[in-house]
1. Please go through the range B:458-474 and give me each residue that is more than 22 Å from B:SER190 (Cβ to Cβ) and of a type in the set (Gly, Ala, Ser), ordered by number.
2. Could you pull out the residue among B:PHE348, B:PHE333 that is within 14 Å of another protein chain (Cβ to nearest Cβ) and buried (at least 16 other Cβ atoms within 10 Å of the Cβ)?
3. When you scan the range B:480-491, do you find a residue that is more than 20 Å from the chain's Cα centre (by Cα) and of a type in the set (Lys, Arg), even just one?
4. If B:ARG240 satisfies every condition in (1) assigned to a helix (DSSP H, G or I); (2) basic (Lys, Arg); (3) within 14 Å of another protein chain (Cβ to nearest Cβ) but one, which is the exception?
5. Looking at B:GLU556, B:GLU569 in this structure, which one is acidic (Asp, Glu) and within 24 Å of B:TYR128 (Cα to Cα)?
6. Right, B:TYR162: within 14 Å of chain A (Cβ to nearest Cβ), under 30 Å from A:THR160 (Cβ atoms) and in contact with an Asp or Glu (Cβ under 7 Å, 6 or more places away or on another chain) or not?
7. Name, by its number, the condition in (1) surrounded by 15 or more Cβ atoms within 10 Å (Cβ to Cβ); (2) within 12 Å of chain A (Cβ to nearest Cβ) that does not hold for B:ALA167.
8. Taking the stated definitions as given, is B:ASN8 polar (S, T, N, Q) and farther than 24 Å from B:LEU398 by Cα?
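The values are calculated or read from the model by the stated rules, or taken from the named source; none is laboratory data. Predicted model, so just to flag it, every value in this text is computed and none were measured. Glycine also receives a Cβ, built like all others from the backbone with ideal geometry; neighbour counts cover every protein chain displayed.
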Amino acid sequence: MSPSRKILWAPNPSFLEAGKSTIKVLADGRFSVWHRKGVTMSWMGPREDAENAFKVRLSLRTALGDKAYAWDTNEEYLFKAMVAFSMRRVPNREGTEISHVLLCNVTQRVSFWFVVTDPSRNHTLPAVEVQSAIRMNRNRINNAFFLNDQTLEFLRIPATLAPPTDPSVPIWIIIFGVIFCIVIVATMLLILSGIRQHRRKNKGPSEMEDTEDKWENTVKIENGIPCDPLDMKGGHVNDAFVTEDERLTPL
Amino acid sequence: MVRLLLPNPGLEARIPTLAELESLEKQESSSRPKWDNKAQYMLTCVGFCVGLGNVWRFPYLCQSHGGGAFMIPFLILLVLEGIPLLHLEFAIGQRLRKGSVGVWSSIHPALKGVGIASMFVSFMVGLYYNTIIAWVMWYFFNSFQDPLPWSQCPLNANQTGYVEECARSSSVDYYWYRETLNVSTSIDDSGSVQWWILLCLTCAWSVLYVCTIRGIETTGKAVYVTSTLPYVVLTIFLIRGLTLKGASSGIIFLFTPNVTELANPVTWLDAGAQVFYSFSLAFGGLISFSSYNSVHNNCEMDSVIVSVINGFTSVYAATVVYSIIGFRATERFDDCFSANILTLINGFDLPEGNVTQENFAEMQQWCNASNPAAYAELKFQTCDMNTFLSEGVEGTGLAFIVFTEAITRMPAAPLWSVLFFVMLFCLGLSSMFGNMEGVVVPLQDLNVIPKKWPKELLTGLICLGTYLLALVFTLNSGQYWLSLLDRYAGSIPLLTVAFFEMFSVVYVYGIDRFNRDIEFMIGHKPSIFWQVTWRVVSPLLMLTIFLFFLVISVNEELVYSVWNPAYEEFPKSQKVKYPNWVYGVVVVVAGVPCLAIPGFAIYKLIRNRFRRAGDQQGLVGAQSTVSVNGDVRS
């Protein structure tokens, strides 16, 4: 916006630099300028200048609620300072001053356009440089205004999102490991105690079985009578009946 | 009164007489398991009945079928269908003192198929149910971090925005479908085993094994925790939920009665089906649990108590769930509205605070009037509370998408997440105990397992076998397989088995004999209510529900919902037809248990025919003369 630019009507070009005018950028590259006293001027600027301007939108009430501060010219000065600071960190642009940053069309929303000019004030800096500068210093700019990426928006400048914290070992594996180990230990204990119970039960009845076997191996006795003699006698004499001689006491 | 009784020779020989029952109980007390105390038995039955369906199926049915008015068919059918069937299963198990296969083959050898069908159904339901528990465990393990992993979308490659699939749907959807299931786009596309789900599945089956390793000896201890903890957590959530903004709108939405729904037969059908499935009838587990009771246990009172608790839990869980859903819907509505307000003030550079929810409509008109061209370019979302209240609120969608999102909006979210998933875990695990009982005991009764094998080994083999089969659900298409099984394995076969159960007890065993048994066991004859319901009302209801389900299932097109990012209406699920081979799977899954009943009867018939023709001889008649020395002249 140098005075040498072709202007249709400008009472005093220095008005433009004194910051007493508001400049509106139109989509087709035309600039229209309102002077505070109601004078309107417009001229054709190159398209690149329109593309090199960025719209900024602040949502102070959303972010800060009751503690929201009013957006006045001092805050605008701070904003220009932050943008100039960001540009100064770009390798070739260490000479950027606050006066190189131009704000325009501040609305009640609060939103405005800004553009950064080069030291000669002939050209505006390319959008790519401004974009990368703002992106690199987004955190500092946000913090200066107590805002974040959502409440201080730079349209057309995407924010770099913070990656979610990734612990080296995912937490879920740790919890899984703990629970699985507990379960395995409990299973082992139950199986071992089951085996022990089983052995005890097996030892008990098997001991009883052994003594019975021993007993039976000697003589098969039924009703108090040894079985074998019955077979040998061939059924002629039934030892179940005691003979008279044995039962009666001898006279 | 219908006094039909089918001929049943030899029944007396197969069952212990009433006189023998008490001595039998004493004899068995060392070899057969039994409950340590009544509380264990009640908690196990309540735990088996109260499951995930009470939390995520009943609230949805209640709300979609007329809210408060749904209570009427639900309660009526609870009394006419649920309680009689429950009492029947408890009483027959307590009387015949065997598991399901033992009970039915005692009543008549040809009815063994009923027990086998129960076993199949228990097996198949257990197969997929434990996978749901594995998913619950995955979410539980991931709940121990702040912020919760499903509260944010992951960033894309150059960190300028979120992953596209996540940005288009939501972070909870993305976490469920992509990071948990990693779901493919069709059931054909099986993909590979997802190792993290495999780990959770291993953990789930291990926990189940530890708890059921010695049958009711171990589950009886576990149920002290798994059956009571859900109620504690539900109460905590109720208190938390009622203090959240918007909870009341959810509860009002749930219970607002719409009496016209009562005229819709589908309402009654759904109520009947819900009562039936929620009572875990026809799985065989309840018969088994009841058979470990002492002979004179009051099964009538037990059945009434368990039914009442089950009904109460359904209503209680519905209240809690809908208070949280109301909160979520209100938050979403507020967000939607705020987005619209922002669009308006950004489009017209109005100061913040000028536009609120109250004057939004007027401001819209004012802006439209002042600059119609600019206004036309603005895109506003439609914000409707009812839509938010009715989205995706049943099944896994409720637990893993809607509820998890609601939790992320609560303060101290990880705590609520841990509590919620512990509750789901306990609900599912206690139902799995019943399923395992319904598989292990029939296998023992069928004598396919050598008697020498200890119970631990048998349970371990069953757990291992089912775990290996359940690996299907860890594939990319696992969720589709699970929905398929859920739809067909757990529905028609259960209805068939329940109908045959009722029919067998009333008409093959004999309702008179059954009445006498109950009189012996609990001291008084079952009242007229039981007589009417057992003989007529409940079988008719079962038959009606079964026929309706059959007609609906056969007529409906087999479609399923698929998560497809390439779908135009993404993030809505795409409805896709099942491939043809799925029909075969459905026939096997639903048909094999049902056909086991007549199949086994026919098999027994054929075997008897062949026996009579061939090898079995009657006892040879012999004249024996008395001989003191033991000569037997034949």
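1. B:GLY460 - this is the single residue of the range B:458-474 that is more than 22 Å from B:SER190 (Cβ to Cβ) and of a type in the set (Gly, Ala, Ser).
2. Working: B:PHE333 fails: within 14 Å of another protein chain (Cβ to nearest Cβ).
Just a single option satisfies the conditions, and that option is B:PHE348.
3. no
4. (3)
5. On the way: B:GLU569 fails: within 24 Å of B:TYR128 (Cα to Cα).
Answer to the selection: B:GLU556.
6. Details: within 14 Å of chain A (Cβ to nearest Cβ): yes; under 30 Å from A:THR160 (Cβ atoms): yes; in contact with an Asp or Glu (Cβ under 7 Å, 6 or more places away or on another chain): no.
No, not satisfied.
7. Of (1) surrounded by 15 or more Cβ atoms within 10 Å (Cβ to Cβ); (2) within 12 Å of chain A (Cβ to nearest Cβ), only one is false for B:ALA167: (1).
8. Working: polar (S, T, N, Q): yes; farther than 24 Å from B:LEU398 by Cα: yes.
When the stated conditions are applied, B:ASN8 passes them.
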